[in-house]
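Enquirer: Take this structure, written in structure tokens, and hold onto it; I'll ask about it next.
The values are calculated or read from the model by the stated rules, or taken from the named source; none is laboratory data. What you are looking at is a predicted structure, and each value in this text was computed from that prediction instead of being measured. Cβ: placed from backbone, ideal geometry, glycine included. Neighbour counts: every protein chain shown. Side chains are part of the model used for accessible areas, which takes the heavy atoms of the whole protein and leaves out ligands, DNA and RNA. Shrake-Rupley method; radii C 1.70, N 1.55, O 1.52, S 1.80 Å.
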Amino acid sequence: MMQTMNGSCRKGDKTMNPILFDRTKAKDFAAIGRLCIDLNANEFNRPMEETRSFTKYVGGSPANIAIGMSRLGQKTGFIGKVANDQMGRYIQGYLEENQIDTSSIVVDQTGAMTGLAFTEIKSPTDCSILMYRDNVADLLLQPSEVNEEYIKQFKVLLISGTALAKSPSREAVFIALEYARKHNVIVVFDIDYRPYTWASPEETAIYYNLAAEKCDVIIGTREEFDRMECFEQNLERDDRITAQKWFGYHAKIVVIKHGKEGSIAYTRDASYKGKAYPSKVLKTFGAGDSYAAGFIYGLLQGWEIDRCMSFGGAAASIVISRHSCSEAMPTVQEITDYIDQCEKGIIV
Ligand SMILES: Nc1ncnc2c1ncn2[C@@H]1O[C@H](COP(=O)(O)OP(=O)(O)O)[C@@H](O)[C@H]1O
Ligand SMILES: O=C(O)C[C@@H](O)[C@H](O)C(=O)COP(=O)(O)O
């Protein structure tokens, strides 16, 4: 259902997709940001204090999204930095196994470490992440290590908010943004707020806003947008007010995610409600990354916005029913079949 910004519903209207990709570009999707390791509790539905073992997966929100895009058949690359150790080599190997171009991934030579995300699954609805991010390699990516020629090959670049948390990664993201804008690469900003590393709420808001002003698509949860608005008076946390601000800059689409309530997307003159699909939830994390992969895939296919939201929502429902994030990222066929089975009442 499409709703105009004045609140009227326009049934049956084609929901336009205002994103115009440069279809002459040879590759589809690149992300810049952290490459980490998820260690997901094997003994779940209990506190982590009672967990004895974990399964290792590649993690880091932008890495998960890139893996998701590759799993969806997109020509995918990554710009980042990994530790010069077994974990860094594992990450690079896994990306290559998933046909992701790793030629713009730099190996740290300073002894920095790989970020770890221990996940706690107390219940399907009570999950949390314990992050170890001291001296992580991903935040040491230098602006000089961001390759303009690499970026210009891609139709879309995703920047991940956590990469703005510390220099020199912060400056690397901004130079990547400039290269993308210069070469007509669409930029998606996944807000991806993680409390770790940021010095203050004000610092977070300042850098998130500076980045978001230059992006074509902004995706975040209501809580993540709240963090960007700490200097503003959106006390009602009104999604429409949030979205309207960004159409005064470069944004064409603003997506606000609301967990099991689904999502809402805005363009300059309309809004779209995305439903959450039924899911046998094992854990809730991974929803946002798989949603982003499905949504961006839909944009790249030129689909209407509500179809992109459905595809992202179904991808999320699949991933939260599985143990991992990256490894669980579904194919086009899996998502299509899932939507079909939900529509037929086979999945409820
Ligand atoms: N419990 C759930 N059941 C079904 N879909 C869900 C559930 N939680 C999240 N989703 C889907 O995943 C999307 C993103 O989830 P959300 O939790 O809002 O983002 P994040 O994982 O980034 O915090 C939601 O908009 C919804 O479509
Ligand atoms: O982003 C991280 O560093 C941790 C992720 O790898 C982890 O899988 C996760 O938390 C993803 O959660 P989401 O943001 O809800 O998709």
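Enquirer: Quick one: in the range 292-334, which of the residues that are among the aromatic types (F, W, Y), touching a residue at least 40 places away in the same chain (Cβ under 8 Å) and in a helix (DSSP H, G or I) is farthest from ligand 2 (Cβ to nearest atom)?
Expert: Y297
Enquirer: Moving to a separate point now. I need the full set of residues from the range 230-273 which are assigned to a loop (DSSP other than H, G, I, E, B), among the charged types (D, E, K, R) and under 18 Å from K214 (Cβ atoms), in order please.
Expert: K252, R268
Enquirer: Return yes when I347 is in contact with a helix residue (DSSP H, G or I) (Cβ under 7 Å, 6 or more places away or on another chain) and more than 13 Å from ligand 2 (Cβ to nearest atom) and no when it is not.
Expert: When the stated conditions are applied, I347 passes them.
Enquirer: Here's another thing I want to ask about it. Across the range 165-196, which residue is farthest from the chain's Cα centre (by Cα) among those that are outside any helix (DSSP H, G or I) and small (G, A, S)?
Expert: S167
Enquirer: Just need a number here: residues in the range 247-272 that are over 18 Å from L20 (Cα atoms), away from ligand 2 (no atom under 16 Å from the Cβ) and under 19 Å from the mean Cα position of the chain (by Cα).
Expert: Total meeting the criteria: 1.
Enquirer: Quick one: in the range 124-147, of everything that is in contact (Cβ under 8 Å) with a residue 24 or more places away in the chain and in a helix (DSSP H, G or I), which residue is farthest from E171 (Cα to Cα)?
Expert: A137
Yes/no matrix, rows are residues, columns are (1) away from ligand 2 (no atom under 14 Å from the Cβ); (2) touching a strand residue (DSSP E or B) at 6+ places or on another chain (Cβ under 6 Å):
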site: E43; (1), (2): yes, no
site: F54; (1), (2): no, yes
site: Y57; (1), (2): no, yes
site: G60; (1), (2): no, yes
site: L72; (1), (2): yes, no
site: T76; (1), (2): yes, yes
site: K81; (1), (2): yes, yes
site: G88; (1), (2): yes, yes
site: L95; (1), (2): no, yes
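Enquirer: Say whether the condition of being within 16 Å of ligand 2 (Cβ to nearest atom), of a type in the set (A, V, I, L, M) and under 19 Å from the mean Cα position of the chain (by Cα) is met by at least one residue in the range 222-231.
Expert: no
Enquirer: Do you know which of the residues in the range 275-291 that are in contact with a Gly (Cβ under 9 Å, 6 or more places away or on another chain) and within 16 Å of ligand 2 (Cβ to nearest atom) is most open to solvent (accessible area, probe 1.4 Å)?
Expert: T284
Enquirer: Still on this model: Give the range 148-164 a look and list any residue that's outside any helix (DSSP H, G or I) and touching a strand residue (DSSP E or B) at 6+ places or on another chain (Cβ under 6 Å), or say none.
Expert: Q153, F154, K155, V156, L157, L158, I159, S160
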